[in-house]
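See structure below.
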Amino acid sequence: MVADDLTLRTLELPVRDGLPGSAIPPGTYPVVLAPSPKFEAVRDSWVQEYATTIPHIINIPMRTNILIHWGNYVADTDGCVLVGMVQEPDFIGRSRDAFTALHAKLVAADSIQIVVT
């Protein structure tokens, strides 16, 4: 994932069939910033800073509630896309740093799309 001069790594579920439990199918999808009830319930002050403007990937066929957020392992995805600055097999690191930088770019954008290849 590249946002202007920001290069990030992503981690999501393995590719299977594009349905829940699988990676997002290839395509171009709109992204909107919206609240996340899951993250709004977390009492970590860092999480609270972003909980009302989490990037949601929308219009994915037969999928809902697909977010872009922080985490380190596939188990952290809950079907979403994790961002990080360091990647190893089945691991992504400096995820909160990556999310902070990406979030600033997304908030400043007029419109947002993600291209999944």
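The values are calculated or read from the model by the stated rules, or taken from the named source; none is laboratory data. Keep in mind that what you see is a predicted model, and the values were worked out from it rather than measured. Please note: Cβ atoms are built from the backbone with ideal geometry, for glycine as well, and neighbour counts cover all protein chains shown.
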Residue among Leu13, Leu8 that is under 24 Å from Asp110 (Cβ atoms) and in contact with a Gly (Cβ under 8 Å, 6 or more places away or on another chain): Leu8
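To keep it simple, each residue is scored yes or no on (1) touching an Asp or Glu at 6+ places or on another chain (Cβ under 6 Å); (2) farther than 19 Å from Ala23 by Cα; (3) modelled with pLDDT of 95 or more.
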position: Ser36; (1), (2), (3): no, yes, yes
position: Trp46; (1), (2), (3): no, yes, yes
position: Ala51; (1), (2), (3): yes, yes, yes
position: Pro55; (1), (2), (3): no, no, yes
position: Thr64; (1), (2), (3): no, no, no
position: Ile68; (1), (2), (3): no, no, yes
position: Gly71; (1), (2), (3): no, no, yes
position: Phe99; (1), (2), (3): no, yes, yes
position: Val115; (1), (2), (3): no, no, no
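Just to check your reading of the model, which residue among Val47, Val116, Val107 is more than 15 Å from Pro35 (Cβ to Cβ) and of a type outside the set (Ser, Thr, Tyr)?
From the options Val47, Val116, Val107, the qualifying one is Val116.
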So which residues in region 73-97 are of a type in the set (Gly, Ala, Ser) and either touching an Asp or Glu at 6+ places or on another chain (Cβ under 7 Å) or touching a residue at least 24 places away in the same chain (Cβ under 8 Å) (or both), if there are any at all? Gly79, Gly84, Ser95
Condition (residue is among the polar types (S, T, N, Q) and in contact with a Phe, Trp or Tyr (Cβ under 9 Å, 6 or more places away or on another chain)) applied to region 63-71: is it met by at least one residue? no
Which number in (1) crowded, with 19+ Cβ neighbours inside 10 Å; (2) assigned to a strand (DSSP E or B) marks the one condition that Ala98 misses? (2)
Restricting to region 1-23, and then to whatever is among the polar types (S, T, N, Q) and free of Cβ contacts under 8 Å to residues at least 12 places away in the same chain, can you tell me which residue is surrounded by the most Cβ atoms within 10 Å (Cβ to Cβ)? Ser22
Could you tell me which residue of region 101-117 is nearest to the chain's Cα centre (by Cα), considering only residues that are free of Cβ contacts under 8 Å to residues at least 40 places away in the same chain and under 19 Å from His69 (Cβ atoms)? Ala104
Which one is modelled with the lowest pLDDT among residues in region 1-23 that are in contact with a strand residue (DSSP E or B) (Cβ under 7 Å, 6 or more places away or on another chain) and part of a loop (DSSP other than H, G, I, E, B)? Met1
